[in-house]
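K.L.:
Here's a structure for you.
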Amino acid sequence: MTTETNRALEQRVLVLAPIGRDALVTRDVLARAGIVAEPCADLAEVCAKFEEGAGALLLAEEALTVSGLALLSRAVGAQSPWSDVPIIISTGAGETTAARVRAVSSLEPSGNVTILERPVRVFTMITAVQSALRGRARQFQMRDLHLQLQRQMESLTAERELRARFVSLLAHDIRGPVTAAMLAAQVLLRSPERLDPRRELGVRIKRNLDRIEHMVRDILDASRVQAGQPLPLRLEGCELKTIVADVVEELNLLHADRVRLDAVEEVHGIWSADELRRAVWNLATNGIKYGAPHSPVTIAIRRIGGRARISVHNKGAPLSPDDRRRLFEPFARARSAEASSQVGWGLGLTLVRGCVEAHGGQVTVESGVEEGTTFTIEVPLDSRPFQPRASATEAPNPPSTVVAGAW
Ligand SMILES: Nc1ncnc2c1ncn2[C@@H]1O[C@H](COP(=O)(O)OP(=O)(O)O)[C@@H](O)[C@H]1O
Ligand SMILES: [Mg+2]
C-alpha cells in the first residue's frame, strides 16, 4: 500500500531553526536517536515538504513569520480527516511571548501543537519527537485501514450494481423465450387433435428452450472465466477454414451477406471446433452489431509459423484505449453500446477470451478512426499441451479433454 520511499517521507522530521547552526545540530542529535530530520530554510519549504509527507514538524519560535504562519496554518487545515501532524515549537523561556501566542493561536483549532520551553534538554527533545512520531505512525495506520475499507466498499458497490444489472438482464432476456415456449406448450395442450400445428409448435418450443440453454451456458462459462478457471475443451483434429465458413454462411443468411471470408489456405489444428465457432460467432456478430451500418465484416484466417490467426475486422466508431482494456471483463460494454439500441449482456468477449486462453492463445484488439476495429485471435496449432493436467484423483481421461479424429 505504502512504498518504501513514502514510508521514509512519513517518518522524517522537518526542522526549522534559522539561527546559526541550530538546525544542523538538531539534525545530528536526532540522528543519534535513529530519527531522520531534514532542516528547512523557511516555513514555505516546510509546507512544501509536508505536502510530500512528514512525521512531525520541529519549529523554533523565532522562525515563525506572519506570512509563513499563514502558509502553515493553511497546510495544516487542508489535511485529510485522518491526518493531524504533530508540531513541536521551541520557545524562549519564561513569560509567554507575543510570538508564541501568535504561533499557537494561528495553528488552532486544527493544529496538534506541543510547546517546548528553552533551554530544551536533549533527552526531552528526543522523547517529545519520538512520542510525536509514534502518534503520527498511528495516523498512517488509520489511513491505510481507511483506504483498505474504502476499496472494499467500492468493490462491494460495484458487485451490487453488477448483481442488479444481471438480474434485470436475466429477467428481460430469459423471460422472452420462456414466455414464447410456454405459450406454444399451452396451445399444444389445448388442441391435441390437430397434428400439423403441433409439430410447428414443438419446433418453436425447442427453439426457445435452446435459446435459454445457450444463455445459461454463456452465463456459467463467463463466471468460470471470471473466476480464472479454464473453459473445458473437447479437443479434436479440425480445419479452421471450414469452421469459419460455416459461421459466415449462417450469419450471411441473417444479415444480407455482410460477412466476408478471406482465407488463402486451409489451416489444420487440434482445437475445440465448438468453442472456436462460438468465439468467431461472437466476434463476427459484434462486428455486425457495432460496426458501421451495412458495412462489411471481414474474417481473415492465416497460418503463421506454429500458430493460427483469425482476425475479424469492421469499420465504424473506434474503441477508446480504456474500452479496449475493459471490454473483455464480464458485463462490460462501451458507453456507446449502452446508449445504442443494440442489446447485449457484455459476455461475448469474456467468452472469446476464455475460449482462446483455454486453447493456449491470446485475443487482442486494435481500433482507430481510419482503420476501424480488428479483433485478432491467435492460437497454437496444437492446444493439447495447454490443457490442465488431470489430478491424481481424476479419471486418466476426463471427458472434457478428449482428442478425437485423425487428419
Ligand atoms: N467490433 C466492435 N466494434 C465496436 N465495439 C465493439 C466491437 N465488439 C465489441 N464491442 C464493444 O464491446 C462490448 C462488449 O462486447 P460483448 O462482450 O460481445 O458484449 P455485447 O455484444 O453483449 O454487448 C460491446 O457492448 C461493444 O461496446
Ligand atoms: Mg457481443
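K.L.:
Would you kindly identify the helices (runs of 4 or more DSSP H) lying entirely within the range 13-113 that contain at least 1 residues that are farther than 18 Å from T127 by Cα, touching an Asp or Glu at 6+ places or on another chain (Cβ under 8 Å) and in contact (Cβ under 8 Å) with a residue 40 or more places away in the chain?
P.N.:
98-107
K.L.:
Which pairs turn up if I take residues in the range 347-359 that are closer than 14 Å to E378 by Cβ and in a loop (DSSP other than H, G, I, E, B) and look for partners that are of a type outside the set (S, T, N, Q) and more than 8 Å from ligand 1 (Cβ to nearest atom) with beta carbon separation below 6 Å, at least 6 apart in sequence or on another chain?
P.N.:
H359/W271; H359/V379
K.L.:
Could you pull out the residue among L261, L319 that is aliphatic (A, V, I, L, M) and in contact with a helix residue (DSSP H, G or I) (Cβ under 7 Å, 6 or more places away or on another chain)?
P.N.:
L261
K.L.:
Moving on to the next point. If only one of S367, S341 is outside any helix (DSSP H, G or I), within 16 Å of ligand 2 (Cβ to nearest atom) and over 26 Å from the mean Cα position of the chain (by Cα), which one is it?
P.N.:
Just a single option satisfies the conditions, and that option is S341.
K.L.:
Hey, can you tell me all the residues within the range 305-338 that are closer than 23 Å to H294 by Cβ, touching a residue at least 60 places away in the same chain (Cβ under 8 Å) and within 12 Å of ligand 2 (Cβ to nearest atom)?
P.N.:
Within the range 305-338, just V312 meets the criteria.
K.L.:
Taking the options I299, I288, name whichever one is part of a helix (DSSP H, G or I), out of contact with any Pro (no Cβ under 9 Å at 6 or more places or on another chain) and at pLDDT 95 or above.
P.N.:
That would be I288, the only listed residue that is part of a helix (DSSP H, G or I), out of contact with any Pro (no Cβ under 9 Å at 6 or more places or on another chain) and at pLDDT 95 or above.
K.L.:
Can we say V365 is over 29 Å from V267 (Cβ atoms), more than 7 Å from ligand 1 (Cβ to nearest atom) and at pLDDT 95 or above?
P.N.:
Here the answer is no, as V365 does not meet what is asked.
K.L.:
Could I ask something else about it? It is to be established whether one or more residues within the range 299-309 are in the same structural domain as L381 (by TED's automatic domain parsing), within 15 Å of ligand 1 (Cβ to nearest atom) and farther than 27 Å from F386 by Cβ.
P.N.:
No, every residue in the range 299-309 fails to be in the same structural domain as L381 (by TED's automatic domain parsing), within 15 Å of ligand 1 (Cβ to nearest atom) and farther than 27 Å from F386 by Cβ.
K.L.:
Further question: Somewhere in the range 261-269, is a residue in the same structural domain as R335 (by TED's automatic domain parsing), without any contact (Cβ under 8 Å) to a residue 12 or more places away in the chain and either farther than 22 Å from I377 by Cα or in a loop (DSSP other than H, G, I, E, B) (or both)?
P.N.:
For the range 261-269, residues in the same structural domain as R335 (by TED's automatic domain parsing), without any contact (Cβ under 8 Å) to a residue 12 or more places away in the chain and either farther than 22 Å from I377 by Cα or in a loop (DSSP other than H, G, I, E, B) (or both): absent.
K.L.:
Residue check: is R260 more than 36 Å from the chain's Cα centre (by Cα) and on the phi < 0 side of the Ramachandran plot?
P.N.:
no
K.L.:
Let me ask something else. What are the pairs, 6+ residues apart or on separate chains, where a residue within the range 281-297 that is of a type in the set (S, T, Y) has its Cβ under 9 Å from a residue that is part of a loop (DSSP other than H, G, I, E, B) and more than 9 Å from ligand 1 (Cβ to nearest atom)?
P.N.:
Cβ pairs passing all conditions: T285/H255; S295/R258; S295/K315.
K.L.:
For the range 205-220, state whether one or more residues are over 19 Å from P177 (Cβ atoms) and surrounded by fewer than 17 Cβ atoms within 10 Å (Cβ to Cβ).
P.N.:
no
K.L.:
Which one of these is surrounded by fewer than 21 Cβ atoms within 10 Å (Cβ to Cβ), under 26 Å from S272 (Cβ atoms) and assigned by TED's automatic domain parsing to the domain that holds T298: E357, E338?
P.N.:
E357
K.L.:
Can V379 be described as within 16 Å of ligand 2 (Cβ to nearest atom), under 23 Å from D246 (Cβ atoms), touching a strand residue (DSSP E or B) at 6+ places or on another chain (Cβ under 8 Å) and modelled with pLDDT of 95 or more?
P.N.:
Judged against the criteria, V379 is not a match.
Per-residue answers, yes or no, for (1) within 24 Å of R307 (Cα to Cα); (2) over 25 Å from the mean Cα position of the chain (by Cα); (3) within 16 Å of ligand 1 (Cβ to nearest atom):
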site	(1), (2), (3)
I219	no, no, yes
A222	no, no, yes
V225	yes, no, yes
E239	yes, yes, no
L251	no, yes, yes
V264	yes, yes, no
H268	yes, yes, no
A279	yes, no, yes
A284	yes, yes, yes
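K.L.:
Checking the structure you have, find out if any residue of the range 145-156 is of a type outside the set (K, R), assigned to a helix (DSSP H, G or I) and surrounded by 14 or more Cβ atoms within 10 Å (Cβ to Cβ).
P.N.:
No, every residue in the range 145-156 fails to be of a type outside the set (K, R), assigned to a helix (DSSP H, G or I) and surrounded by 14 or more Cβ atoms within 10 Å (Cβ to Cβ).
K.L.:
May I ask you to list pairs of residues, at least six apart or on different chains, whose Cβ atoms are under 7 Å apart, with the first in the range 371-395 being in the same structural domain as V352 (by TED's automatic domain parsing) and of a type in the set (F, W, Y) and the second being modelled with pLDDT under 95 and surrounded by 14 or more Cβ atoms within 10 Å (Cβ to Cβ)?
P.N.:
If the second residue must be modelled with pLDDT under 95 and surrounded by 14 or more Cβ atoms within 10 Å (Cβ to Cβ), no pairs are left.
The values are calculated or read from the model by the stated rules, or taken from the named source; none is laboratory data. Quick caveat, the model's predicted, so the values are computed rather than measured. Neighbour counts run over all protein chains shown; Cβ positions are idealised from the backbone, glycine included.
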